[in-house]
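Report on one structure; see the data block that follows.
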Amino acid sequence: MTKRDYLTVDSLSAEELTKVLDLADEFKANRQRSAAGTGRQGASAQGHTVDLRGLSIGMIFEKPSTRTRVSFEVGISELGAKAVVLSAGELQLGRGETIEDTARVLSGYLHALVVRTFAQSRLETLASAGSIPVINALSDFSHPCQALADLQTIREHSGDLHGLKLSYLGDGNNVAHSLLEAGAMAGMHVAVGSPAGYEPDGQVVRQATEVAVRSGGRITVTNDPLEAARDADAVYTDVWTSMGQESENDSRTRVLRPFQVGAQVMQAAKPDALVLHCLPAHRGEEITAEVMDGPNSVVFEQAGNRLHSQKALLAFLLA
Ligand code: CP
């Protein structure tokens, strides 16, 4: 059987994306039933039991993580598999062993690899040199696991994603790239508001636009935050300084300040617009405390959905 990787959201087809989201909802419902003592955690997948017993899944984190690392490790355990968690410093990779050799060796022991790293090309090399599925747990270019939880959360609150306007305000970063891909596949209007010079990658925008034309969605990119937020069903933001950009913090804070998600932005959106943030959040920078902790905020549900959507992804790729 051909192995499947998840390196960007469009590693899945639109139909497969919907299937993973449906499965994520099932996992969530099953876990809630299990917590209530009336169900079994791992049971799911259109009536079939998902059981990954006997599988070992490697997790390599070359950058810090709270949500991704913990939700994957718990999810792997709940599916019956074993997580082998490794930091780059523990591997010979950190001492010059090639990515290709690492991929070939680990393919002999493990059944999948979850990797958080810097360049997207490192993931692509791991995926092409190895024979096991590689899952992108964040790179400088994309964060496709985050996008699964984001869509799951919006769908739970707003129903059908098709036609909804999702406004992303701030740095056109890895999170923005994956939202553009996922939103376009789901037929959403993804509106990105970023300052000049901080827009998302042009190739990602072009590809998402092509996908949106087919799905009935729409992609817009503007330098005007209120235009991006106008009549939005959901407003999303992320930190202004991503991991590895700390030396740019002062200039980024100055340029991105008008894109803060606060009262003015929320007034431009629909009154019941959801507020999302991939976390960690810096209250008073990209989002005000009032909005982050306000009644429209679903950020902690969104973080919780990382667990269910990643279990669904693992089940889809491995079961
Ligand atoms: N949103 C997210 O990926 O969080 P972590 O960096 O804590 O994993």
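The values are calculated or read from the model by the stated rules, or taken from the named source; none is laboratory data. A quick note: this is a predicted structure, and the numbers were derived from the prediction, not measured. Please note: Cβ atoms are built from the backbone with ideal geometry, for glycine as well, and neighbour counts cover all protein chains shown.
How do the strands (runs of 3 or more DSSP E) wholly within segment 184-276 filter down when requiring 1 or more residues that are surrounded by 15 or more Cβ atoms within 10 Å (Cβ to Cβ) and at positive phi: which remain?
Details: elements: 189-193, 218-222, 234-237.
In segment 184-276, there are no strands (runs of 3 or more DSSP E) which contain 1 or more residues that are surrounded by 15 or more Cβ atoms within 10 Å (Cβ to Cβ) and at positive phi.
Scan segment 21-55 for residues that are modelled with pLDDT under 85 and closer than 17 Å to residue 319 by Cβ and jot them down.
40, 41, 42, 43, 44, 45, 46, 47, 48, 49, 50
How many residues does segment 309-319 contain that are under 20 Å from residue 146 (Cα atoms) and away from the ligand (no atom under 15 Å from the Cβ)?
The qualifying residues number 7.
Would you confirm, using the coordinates I've provided, whether residue 314 is under 28 Å from residue 24 (Cα atoms) and surrounded by fewer than 18 Cβ atoms within 10 Å (Cβ to Cβ)? Can you show your working first?
Details: under 28 Å from residue 24 (Cα atoms): yes; surrounded by fewer than 18 Cβ atoms within 10 Å (Cβ to Cβ): no.
No: the conditions fail for residue 314.
Do we have any residue at all in segment 146-157 that's of a type in the set (A, V, I, L, M), in a loop (DSSP other than H, G, I, E, B) and on the phi < 0 side of the Ramachandran plot? Before the answer, list the steps.
Step one: filter segment 146-157 for residues of a type in the set (A, V, I, L, M), giving 147-149, 151, 154.
Filter again for in a loop (DSSP other than H, G, I, E, B), leaving none.
The answer is no, given that none of the residues of segment 146-157 is of a type in the set (A, V, I, L, M), in a loop (DSSP other than H, G, I, E, B) and on the phi < 0 side of the Ramachandran plot.
Select from segment 148-198 the residues that are over 18 Å from the mean Cα position of the chain (by Cα) and hydroxyl-bearing (Ser, Thr, Tyr) and write down the one among them that is nearest to residue 313 (Cα to Cα).
Filtering first and then ranking leaves 158.
Residues in segment 68-86 that are over 15 Å from residue 24 (Cβ atoms), among the aliphatic types (A, V, I, L, M) and either in contact with a Pro (Cβ under 7 Å, 6 or more places away or on another chain) or surrounded by fewer than 20 Cβ atoms within 10 Å (Cβ to Cβ) (or both): how many?
Going through segment 68-86 one residue at a time, the tally reaches 5.
If residue 138 passes every condition in (1) out of contact with any Lys or Arg (no Cβ under 6 Å at 6 or more places or on another chain); (2) within 16 Å of the ligand (Cβ to nearest atom); (3) in contact (Cβ under 8 Å) with a residue 60 or more places away in the chain but one, which one does it miss?
(1)
Hey, any hits in segment 128-144 for a residue that's in a helix (DSSP H, G or I), aliphatic (A, V, I, L, M), at negative phi and surrounded by 24 or more Cβ atoms within 10 Å (Cβ to Cβ)?
For segment 128-144, residues in a helix (DSSP H, G or I), aliphatic (A, V, I, L, M), at negative phi and surrounded by 24 or more Cβ atoms within 10 Å (Cβ to Cβ): absent.
Note down all Cβ pairs under 8 Å where the first residue falls in segment 98-119 and is over 14 Å from residue 57 (Cβ atoms) and assigned to a loop (DSSP other than H, G, I, E, B), the second is within 16 Å of the ligand (Cβ to nearest atom) and among the polar types (S, T, N, Q), and they're at least six residues apart or on different chains.
Pairs that qualify, where the first residue is over 14 Å from residue 57 (Cβ atoms) and assigned to a loop (DSSP other than H, G, I, E, B) and the partner is within 16 Å of the ligand (Cβ to nearest atom) and among the polar types (S, T, N, Q), are 117/139; 118/139; 119/139.
If the requirement is being under 19 Å from residue 313 (Cβ atoms) and modelled with pLDDT of 95 or more, which of these qualifies: 115, 105?
That would be 115, the only listed residue that is under 19 Å from residue 313 (Cβ atoms) and modelled with pLDDT of 95 or more.
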